[in-house]
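To start, the structure under review is shown below, and the notes come after it.
The values are calculated or read from the model by the stated rules, or taken from the named source; none is laboratory data. What you are looking at is a predicted structure, and each value in this text was computed from that prediction instead of being measured. FYI the Cβ positions are ideal-geometry reconstructions off the backbone, even for glycines, and counts take in every protein chain you see.
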Amino acid sequence: MGQSPGKIPGVEVAQGAPKPKGCSEAPQGGSLNFTLDAPGRSAAWLYLVLPDGHEGSSILGVDSRGGEFYLQLDSGKHRTGDTWHVQLVLPSGFDPKGVKYMWILDPKDGRPQGATRILDPCAKCLDSRYARDWNKREGAKYSPMAVVPDRRALYDFDWQGVKPPDHHLKDLVIYETHVRGFTRNPDSKLQDWDSTAGTFLGFIQKIPHLLKLGVNAVELLPVYEFDETACPRKNPENGEQLCHFWGYSTVNFYVPMQRFSSRDRIGAAIVGFKTMVRELHRQGIEVILDVVFNHTAEGAWGEHYWHSWAAIAKNRYYILSHGQDTNYTGCGNTVSANDPMASDWIVDCLCYWVDEMHVDGFRFDLASALTRGGDGKVSMDPLLMRKMAQEPKLQRAKFIAEAWDCSWPDGYLVGKFPSGGPPRWAEWNGIFRDTIRCFIKGDAGKKGDFATRICGSSDLFKHNGRKPFHSINFITAHDGFTLKDLVSYNGKHNACNGENSGDDHNNSWNCGHEGETGDGNVKHLRNRQMRNFLVALFMSAGTPMILYGDEYGRSQRGCNNGWCQDARCWFSWSDAEREENQLNRFVRLLISLRKQYSGIFNRTEFMSNKDIWWRVHWDDPYNYICYVLHDHQATGKGYAGLLVAFNAGHEVRSCDLPTDKPWYRIIDTNLAPPKDICEDEASSTKIGSHNYVMQPYSCIVLKTYSDKSSIKQFATADAEYGAHQDINLHMKEIIRRRMSMEFTSSLGTPTLQDVGRKQSDAAMERVQSMVRMRSLMSGAFLEALGEEDVVSKQEVSFEPPKRQSSKLLPPTLPIGPAKPELGCKGTQVLARDVGNKKIEVWLHPAVSEDGVVFELRATAFGEGDLIFHWGVIERPGAAWTHPPEEVLQSSWPARSKAIPGAVQTYFGEEEEDGFRRVFITFPSKVKVAAVNFVLHEPPNAWHKAGRSDFSAEFPQAPSLFKSAADRAVKADSAGKTVRTTWWKVHGGNLMGITGVSAEGALVHFITDLDEIMLHYGSGDAYNKWLFARSVNFQEAPESGIREVVVQLNPDEVTHRLMFVLKFPGNLWVKDGSEDFKLWLPEDESFAQAKVASQKALLAKAESQEGLR
């Protein structure tokens, strides 16, 4: 219902302030401030709508069906310069959350009713629909209003002490992805898929995939409000309604995309986005947003159902020519980013995302358009870049330019994008993309350009003081072919878009057949080419970026412009699972290899002749290139380096190896998995000749070293993933939480009196469960319910030893007990080198009580946080368990924290002998066979013993294992030739007793390991399994011992029995990198019986032949 101008029941209208921009509520509530920059306007009205059923209706004394109010502003009181502003002082108890508002400027005849309503460009929340209504066309046209958000979403969000990772740009591995496309596929198997798929909360559930892959930054396609229904076309192939999927058509730059929110609540998109950022940061993954300030969605597709910048000051917000929009962006309009007012708006928006939403950086779409002045000309010293460089709130943010727009050639600024100050901006290196594509597919004469690109593109970045890491290297991105399509299609197939869009210059090659094929040779060539591209990407100087799905070979079926496609652009989790041990494995090991050789690839200076040795004939137009990268940071003595060679053509080429060094194969893309890339250099294959034959369209990476300590482990990503066993559980807890649980205002000590004493026991149990879950996720736990039903809260977070250099410290908590007294020097039970680092474990008799003091020493790990991530093994082969609370309390220098599946203890400061230490006291009553552990250097470095956890075994009392083994040998030796073999497995013992006789073979296994299964079969001369069977170990007569007996028929007996062991939790264990082999003894009676059997078969065959 309409109200008289300037009158809102119970609300006092005050002058207000020109800042902050948009609508802001006082942190403790009670007032609202509204602002709008509107130069040249003489009259302004604030239009307010109280929604139907708003809980504040009764306080204002209006009808519960809501109402509308027109508030006229006084230009003398409510305007400062070009900014209109007003403050509304609210009546006590009134919560403005959900109140809608718009602006009206210079209405005709001075009457606001019926005038154009203008959307606040700085609104933080809109009344648009949520995830369940994605691309919904029914009902009214898209025409959002600004909404006063839940102030808790802005002021009270619980970041739980999680800080941005703050990685250096040189160390980033960027993963470009789309929030909806990443998890919308039904095969994502998300918890609550119907509500969370394609949303910020759905994205959280797939963070473990990113960790396992090894990326440490996500670059998200637009995540602020856009109208996905602003695409009127249908797919001509199937009649499907298309949509604006990518999101490069912004409606409001401050509002997180509300169709990415799973909850239909005011401010839910803000909370969902913040929760996603927090959980990514918790795992050491930065968040970079793709921002589209070069144009807006205003007036797109001829739709004019909402109005914003153009209705405020079109000649200030847009670059115009003769009063009409210019089109440097290909999208219908171009933002005048260097207008003083428009540039202030852009900088304020960036500050909001960094300061309030905690994002780490921005990729600026068509960034060259942002350098243009009001006349449309490119400036090399644009106002916007100067303001961004000078803004303190943006000092930690990373800036990445897509350094071109749709005007050629003046808009192509790759290698010369202006920084507005000291060299800072990174750039998408489109020249890197084009050069690598041409070289790998065999275009002649590309060797020199290829060499320049892999060395950091010094021709583009060195002249203006920038570094190799300012080059964002990529092969594919959202705009263009996926990696799979790049090797599967010669041309675009975009008929599904209903338009002739997309680039015709793809530098792609279909490898002999357009699109999908069953031809094995073509498929093998495509697999090689994808791996060749990936090696070129990750083994180049610069900052690599990979497109989502390229790790498994995602295809868009030849569509190279998926802007309006939805399902076609979804990540397929079932396809990714099928490629788990194929391309997926190759990518994650390759990323890990890059991290291990960070000194070569994560460079701060461009490569020179001291870093690389070229072994190439530059005048030969054929694309064969070979070079050696010197590893100046090798940990061992003597020389170490990598030889890399690409044979990007149809010829077989011989790679001549330097003859004075041994060479080991790490990568050969011509080989089938798992030989295409080794898991660690210790298992790499030594090359026995002075040359390596390279097949067409393949590449190799070889390693040479003089000292074994230079050997590196590439499966770090797998180790990190394994050490994060609690992540999935944590993510599921996050998804189950109610939105209010993300606010610090809900962290006060709860009481069950608050929910009433008359509730049923079932209701009371639900309340307790909710409170416990909230307290668990906030770093506190509930001890018990007191006699008066008051829940007490005890902090269980933990504090590391104080170090001034440490940036991230957990919440303050009581320090652990005094450093324990040691009875004597003790016994060393573990000593391992981890690259140039070293760890030792010593066991000492406890002085103050009967027990053992466990001492872990670590050296050369630096001054940052170092965490002992461990668990107790109660018997050999058992899973990690938590020790009793008294053990956790005994640790020094800080008490330990139990988390799901493990325990965490912080190391102390470095002592005079160079070691940092952890001490833990185990009373004699605590049963310990071993302590298994990994070491964690936050945010994302994990150290293991190769592919296994470190294991410090405790001396045990004389075991019954020997007596059990003696019993088995004695029993199995009767009438047979016997051989025994003994292994140490996971800190336990395993013995195999093989007996062979004329009746076949009997194999008896004895172990003191916990519950395990034997998976076995006979092996031929090539170690190929002839059959496979499984059997579980059973309890033996001796306590704590298990055994199993396997019988082989004579025709099943070969020289060896192959087997692997399966532990609980689906853990499969081999003998290093190969299956266990148990060699069977030679037995004369068995040999004679086999000869007799063969003669009998031969005689039978001859008899049957005679009958014919």
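Taking the stated definitions as given, is residue 659 assigned to a loop (DSSP other than H, G, I, E, B), in contact (Cβ under 8 Å) with a residue 12 or more places away in the chain and among the hydroxyl-bearing types (Ser, Thr, Tyr)? The answer is yes for residue 659. Examine region 477-490 for a residue that is farther than 24 Å from residue 591 by Cβ and surrounded by fewer than 21 Cβ atoms within 10 Å (Cβ to Cβ), and state whether such a residue exists. Within region 477-490, one or more residues are farther than 24 Å from residue 591 by Cβ and surrounded by fewer than 21 Cβ atoms within 10 Å (Cβ to Cβ). Per the listing 450, 399, 417, the residue uniquely closer than 30 Å to residue 157 by Cα and either of a type outside the set (Ser, Thr, Tyr) or assigned to a loop (DSSP other than H, G, I, E, B) (or both) is 399.
From the residues in region 334-349 that are over 11 Å from residue 387 (Cβ atoms) and not in a helix (DSSP H, G or I), which one is farthest from the chain's Cα centre (by Cα)? Here the residue is 339. The sole residue among 370, 366, 394, 413 that is surrounded by 19 or more Cβ atoms within 10 Å (Cβ to Cβ), on the phi > 0 side of the Ramachandran plot and either outside the structural domain of residue 43 (by TED's automatic domain parsing) or at pLDDT 95 or above (or both) is 366.
Every condition in (1) crowded, with 19+ Cβ neighbours inside 10 Å; (2) within 18 Å of residue 152 (Cα to Cα); (3) touching a Gly at 6+ places or on another chain (Cβ under 9 Å) holds for residue 37 except the one numbered (2). Of the residues making up region 425-438, those that are crowded, with 20+ Cβ neighbours inside 10 Å and either more than 30 Å from the chain's Cα centre (by Cα) or farther than 20 Å from residue 531 by Cβ (or both) number 5. All of (1) surrounded by fewer than 21 Cβ atoms within 10 Å (Cβ to Cβ); (2) outside the structural domain of residue 98 (by TED's automatic domain parsing) hold for residue 124 with one exception: (1).
Touching a Leu at 6+ places or on another chain (Cβ under 9 Å), at positive phi and not acidic (Asp, Glu): is that true of residue 420 in this structure? Against the criterion (touching a Leu at 6+ places or on another chain (Cβ under 9 Å), at positive phi and not acidic (Asp, Glu)), residue 420 qualifies. Being in contact with a Pro (Cβ under 7 Å, 6 or more places away or on another chain) and either crowded, with 18+ Cβ neighbours inside 10 Å or more than 24 Å from residue 529 (Cα to Cα) (or both) holds for only one residue in 571, 606, and it is 606.
Suppose the filter is surrounded by fewer than 16 Cβ atoms within 10 Å (Cβ to Cβ) and over 25 Å from residue 345 (Cα atoms); does residue 92 pass it? Yes, satisfied. Filtering 642, 590 for residues that are in contact (Cβ under 8 Å) with a residue 40 or more places away in the chain, under 22 Å from residue 469 (Cβ atoms) and assigned to a helix (DSSP H, G or I) leaves a single hit, 590. Consider residue 668 carefully, then state whether it is out of contact with any helix residue (DSSP H, G or I) (no Cβ under 7 Å at 6 or more places or on another chain), of a type outside the set (Ser, Thr, Tyr) and surrounded by 19 or more Cβ atoms within 10 Å (Cβ to Cβ). Considered against the rule, which asks whether it is out of contact with any helix residue (DSSP H, G or I) (no Cβ under 7 Å at 6 or more places or on another chain), of a type outside the set (Ser, Thr, Tyr) and surrounded by 19 or more Cβ atoms within 10 Å (Cβ to Cβ), residue 668 comes out as yes. Note on region 364-388: among residues that are under 29 Å from the mean Cα position of the chain (by Cα) and in a helix (DSSP H, G or I), the one that is farthest from residue 421 (Cα to Cα) is 367. From the list 605, 651, the one residue that fits, being of a type in the set (Asp, Glu) and over 21 Å from residue 699 (Cβ atoms), is 605. If you check 986, 1055 for being outside the structural domain of residue 928 (by TED's automatic domain parsing) and within 39 Å of the chain's Cα centre (by Cα), only one passes: 986.
Would you confirm whether or not region 219-234 contains a residue that is of a type in the set (Asp, Glu), part of a strand (DSSP E or B) and at pLDDT 95 or above? Yes; the residues of region 219-234 include at least one that is of a type in the set (Asp, Glu), part of a strand (DSSP E or B) and at pLDDT 95 or above. Using the structure shown, decide if residue 206 is basic (Lys, Arg), assigned by TED's automatic domain parsing to the domain that holds residue 43 and modelled with pLDDT of 95 or more. No, not satisfied. Evaluation of residue 584 against the conditions (1) part of a loop (DSSP other than H, G, I, E, B); (2) among the polar types (S, T, N, Q); (3) within 30 Å of residue 484 (Cα to Cα) shows that the sole unmet condition is (1). Residues in region 824-858 that are of a type in the set (Val, Ile, Thr) and surrounded by fewer than 16 Cβ atoms within 10 Å (Cβ to Cβ): 827, 847. Filtered by the rule that a residue be among the aromatic types (Phe, Trp, Tyr) and within 23 Å of residue 347 (Cα to Cα), region 247-284 gives 248, 253, 254, 273. Might you let me know whether region 629-637 holds any residue that is closer than 21 Å to residue 449 by Cβ and modelled with pLDDT of 95 or more? Yes - at least one qualifying residue is present in region 629-637.
Residue count for region 128-169 under the criterion of being without any contact (Cβ under 8 Å) to a residue 60 or more places away in the chain and not aliphatic (A, V, I, L, M): the result is 2.
Meeting the requirement of 3 or more residues that are of a type in the set (Val, Ile, Thr) and at negative phi, the strands (runs of 3 or more DSSP E) wholly within region 855-971 are 867-873, 915-923.
Being in the same structural domain as residue 979 (by TED's automatic domain parsing), on the phi < 0 side of the Ramachandran plot, under 40 Å from the mean Cα position of the chain (by Cα) and not in a strand (DSSP E or B) holds for only one residue in 1038, 1011, and it is 1011. Being of a type in the set (Ser, Thr, Tyr), exposed (fewer than 15 other Cβ atoms within 10 Å of the Cβ) and within 30 Å of residue 313 (Cβ to Cβ) is a description that applies to residue 80. Any chance region 586-600 includes a residue that's farther than 30 Å from residue 516 by Cβ and touching a strand residue (DSSP E or B) at 6+ places or on another chain (Cβ under 6 Å)? Yes: one or more hits. What number goes with the only condition from (1) over 23 Å from residue 739 (Cα atoms); (2) out of contact with any His (no Cβ under 7 Å at 6 or more places or on another chain); (3) surrounded by 24 or more Cβ atoms within 10 Å (Cβ to Cβ); (4) not aliphatic (A, V, I, L, M) that residue 227 does not pass? For residue 227, the exception is condition (2).
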